[in-house]
């Protein structure tokens, strides 16, 4: 009996313990559910706050900085015949000229051509074949260790020698391998951008051509008549990827006419002298007997390089009448007077080259022929055939130093100020300059190159 009672007592104790454990488990589960509900409620609250904040921003000046699409299309149409008037309309977009307007550029859902970029085909391609961009080993910030040699029918030419007095230095460039050079009638030279990735830019050119070929109304020339090249402008960080006699520059100074730093045979040789010799090669009838047109193409920093070169290049009537410049979305401009839209009080160098034409700062390449206040350079620039391509959603800050900020808070503001100043000059808007304000586009290199009017400038005009 005592034994049985003991068992019963033990069982009761066990049952009590089990009930206690079950109760505790239920309590923990309740607490967990309460905590989970609290977290979900907090999440909902935070999401609501974010949505409210976004809605507030969308209705605020931040959103107003983007002109409605119908207005952008109207501006684009006007720019075909009245670039200065179109630029004035752009400057009237609410918020465009405000200091912190660059925040707008982070709104990728509004600011970009949806689903496109330099690594993706554009929606209007009509089935054009698309080659993905080749990849280098390394980075532009730390230096390239290896760069592409051959891809998609392009090859890196490492044999072109440029003269520097009595010495020579090698200036490599990418070129399309096409069999019969006698068929070439147009040469397109692509400046690289900030990343020095000439391999990417020449590939984008090829992809853009394929898009243009899908539009009969463009009257694109046959592919065998178009010679594409893209010179390498590498800097001292890229020594590992380059051969011993190949030109290296300091930082991005090649975009403003800076000189070769290595090898010693190239010391003092301007990047623009290198470009001069590329052009001489292409106009050499013994090598390219039928070249009729050369187009220099640049986007972003490449556009800055193209703009700077179009100003400093010595005017050569025989060559220049057969040359064209396509300048897409540069981050800053070279102004021809000392007036600026923004304050220059804390920026004494605001008018130094390449932001102005202060004579003592102009590179040696052109200093001796600049003329009074750069008059000779300005005259040469105004006589050239230049197409400016400007995305109407490109309000990113671009170049961020004080010299650029004096020109305006963002790329689009600087562009419009530059255009208006040219139009309001005593000579008026240059007769061979055009402006294409592209609606719905942001700072996107490949979509800009493959836009129909820009395709006409690069491959047809």
Checking rank on 263-271, 137-145, 321-329, with mean other Cβ inside 10 Å and highest first, the result is 321-329, 263-271, 137-145
Order 231-242, 282-293, 407-418 from most to least packed using the mean count of other Cβ atoms within 10 Å. 407-418, 231-242, 282-293
Ordering of 346-356, 147-157, 198-208 by burial proxy (mean other Cβ atoms within 10 Å per residue, highest first): 198-208, 346-356, 147-157
One finds, for residue 358 and residue 194 with R0 = 25 angstrom and r their Cβ-Cβ distance, a FRET efficiency to the nearest 0.05 of 0.55
Please state the shape class of segment 71-459: rounded when a/c is under 1.5, otherwise prolate if a/b exceeds b/c and oblate if not, all from the C-alpha gyration tensor. rounded
Can you tell me how much longer the chain between residue 239 and residue 367 gets when fully stretched, taken as 0.36 nm per residue apart minus their C-alpha distance, in nm with one decimal? 43.1 nm
How many angstrom lie between the Cα centre of segment 205-279 and the Cα centre of segment 388-461? 22 Å
Could you work out how much longer the chain between residue 129 and residue 317 gets when fully extended? Use 0.36 nm per residue separation minus the Cα distance between them, nm to one decimal. 63.8 nm
Set of segment 159-174 residues, backbone N closer than 12 Å to the point 7 Å along the Cα-Cβ line of residue 251: none
Quick calc, residue 218 & residue 183: beta-carbon distance into FRET formula, R0 25 Å, rounding 0.05, result 0.80
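Bear in mind these aren't lab numbers, they're just calculated from the coordinates by the rules spelled out. All values derive from a computational prediction rather than experimental measurement. Cβ coordinates were reconstructed from backbone atoms using ideal geometry, including for glycine residues, and neighbour counts include every protein chain displayed.
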